[in-house]
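The values are calculated or read from the model by the stated rules, or taken from the named source; none is laboratory data. Predicted model, so just to flag it, every value in this text is computed and none were measured. For neighbour counting, all protein chains shown are included, and Cβ atoms are generated from backbone atoms with ideal geometry for every residue, glycine included. The accessibility values were calculated without ligands, DNA or RNA, using every heavy atom of the protein model including side chains. Shrake-Rupley method; radii C 1.70, N 1.55, O 1.52, S 1.80 Å.
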Amino acid sequence: MRDVRSDASRHDRNHRRGNALRQRLALAAGLALAVTLLTPLAWLIHHRDWGVLLMPLVPVVIWLTLNAWRYLEQRFTG
């Protein structure tokens, strides 16, 4: 007869590995999104004379980035 506990522990171990992979993918996606949004915005504000006009967009971009992080956290952690 097969040991039911070993099957359950194997399933649990595989499930944890899958969750860890999903969390890493969510983290990588969130970081890529943040870099993609914030780097060009910061560069434009710093290097262009009209970049100062983009300053009111910064809180909106930060808010969008935080909402994206929350979505990724909820979607990929459970």
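Kindly list the number of the only condition in (1) closer than 30 Å to GLY18 by Cβ; (2) open to solvent by 90 Å² or more (accessible area, probe 1.4 Å); (3) of a type in the set (A, V, I, L, M, F, W, C) that fails for TRP50.
The single condition TRP50 does not satisfy is (1).
Regarding LEU44, is this residue exposed (fewer than 14 other Cβ atoms within 10 Å of the Cβ) and either more than 30 Å from ARG22 (Cβ to Cβ) or not aliphatic (A, V, I, L, M) (or both)?
no
Count, please, the residues in region 53-63 that happen to be open to solvent by 90 Å² or more (accessible area, probe 1.4 Å) and part of a helix (DSSP H, G or I). Can you show your working first?
We begin by selecting, within region 53-63, every residue open to solvent by 90 Å² or more (accessible area, probe 1.4 Å); these are 53, 55-56, 63.
Now drop any that are not part of a helix (DSSP H, G or I), which leaves 53, 63.
Number of matching residues: 2.
Residue under question is ASN67, and the condition is that it be at pLDDT below 85 and of a type outside the set (Ser, Thr, Tyr); does it hold?
Working: at pLDDT below 85: no; of a type outside the set (Ser, Thr, Tyr): yes.
Taking the combined requirement at face value, the residue does not satisfy it.
Out of LEU25, LEU31, LEU72, LEU21, I need the residue that is assigned to a helix (DSSP H, G or I) and modelled with pLDDT of 90 or more. Which one? Let's see the steps before the verdict.
On the way: LEU25 fails: modelled with pLDDT of 90 or more; LEU72 fails: modelled with pLDDT of 90 or more; LEU21 fails: modelled with pLDDT of 90 or more.
One residue alone meets the criteria, LEU31.
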